[in-house]
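What follows draws every value from the coordinates through simple rules; no lab data is involved. Owing to the predicted nature of the structure, the values given are computational and were not obtained by experimental measurement. Ideal geometry is used to build each Cβ from the backbone, glycine not excepted, and the neighbour counts take in all protein chains shown.
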Amino acid sequence: MNSEQLCTLVVNALNDIKAQDIIKLDVRDMTTVTDFMIVASGTSSRHVQALVDNVAEKAKEAGHKPIGVEGEEGGEWVLLDLQEAVVHVMLPKVREFYNLEKLWSLGLSGDLAATDR
């Protein structure tokens, strides 16, 4: 499975259980850590956890075991590392505060239109 196919799997898994405002950022030209960052919002801590669990389960079923998960204990911002894709699922207030989309779009001339939504 290549990184683009993995991103499609992640976005579909997020959509399956109603993630909000899903954004895929292509960061291949900005970092060697990952190819894509996918940012989404959940409506509650429980929803954030369910979204991450669903993505992890779908990735495992496709033979792509997650490398790590951070932030599960709080549930406000959970990061799932799938190596070629890093998934950030947050509560809306946390997402607004950290504004990862803007941070990672700086290398794209500040234009979010260059991302896949």
Please list, ordered by residue number, the helices (runs of 4 or more DSSP H) wholly in region 1-114 having 3 or more residues that are free of Cβ contacts under 8 Å to residues at least 60 places away in the same chain and not aromatic (Phe, Trp, Tyr).
3-16, 45-61, 92-98
Under 14 Å from the mean Cα position of the chain (by Cα) and on the phi > 0 side of the Ramachandran plot - does that describe any residue in region 20-43?
yes
Give region 1-23 a look and list any residue that's crowded, with 19+ Cβ neighbours inside 10 Å and either acidic (Asp, Glu) or in contact with a Phe, Trp or Tyr (Cβ under 6 Å, 6 or more places away or on another chain) (or both), or say none.
7
Give the number of residues within region 78-107 that are surrounded by 19 or more Cβ atoms within 10 Å (Cβ to Cβ) and closer than 26 Å to residue 2 by Cα.
11
